[in-house]
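The values are calculated or read from the model by the stated rules, or taken from the named source; none is laboratory data. Note that the structure is a prediction, hence the values are computed from the model and not measured. Note that each Cβ is placed from the backbone with ideal geometry, even for glycine, and that neighbours are counted across all protein chains shown. We work out accessible area using only protein heavy atoms, side chains counted, and drop any ligands, DNA or RNA first. Shrake-Rupley method; radii C 1.70, N 1.55, O 1.52, S 1.80 Å.
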Amino acid sequence: MSAEGTIVIGNTKREIVNWIRSLSQPRETLVVMEATGGYESLLVELLHEHSIALAVVNPRQVRDFARGIGIDAKTDRIDAAVLVRFAEIVTPAPQAAQSEEQTRLGSLDNSLI
């Protein structure tokens with residue numbers, strides 16, 4: 001497991017789109033990310049707009065996976081490497097794009113919690 005090639009991008013439309021444009025094989029790419037209480041929403045939206053496959057996974061499942069392979073430390077670089085390994089082994093299914101109505105309903109549902 002390696003964190004080589006890890007980059008950090010801001011959660012802004014400009015930085016995400018620039019990163020998407022830098023992908024060498026966007027149609028063969030699966031972006032795997034943890035659900036972060038909505039913080040991932042812009043990335044999800046832009047990936048769908050650019051027809052890039054993505055999977056939003058449960059952070060607890062990834063954390064349990066990390067512990068299962070003996071990784072207790074937690075830094076952004078380590079988390080990224082664990083997420084890569086998790087994606088390689090678990091191969092999460094790509095998620096379909098949601099309609100605007102589904103997105104609005106999800107936002108309402110989250111605001112009730």
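Those helices (runs of 4 or more DSSP H) of region 1-81 in which 2 or more residues are open to solvent by 30 Å² or more (accessible area, probe 1.4 Å), at pLDDT 95 or above and hydrophobic (A, V, I, L, M, F, W, C) occupy 41-49. The residues on offer are Leu23, Leu54, Leu46, and the sole one that is touching a residue at least 24 places away in the same chain (Cβ under 8 Å), within 11 Å of the chain's Cα centre (by Cα) and within 19 Å of Pro94 (Cα to Cα) is Leu54. Restricting region 82-102 to residues that are open to solvent by 70 Å² or more (accessible area, probe 1.4 Å) and in a helix (DSSP H, G or I), which is modelled with the lowest pLDDT? Result: Gln102.
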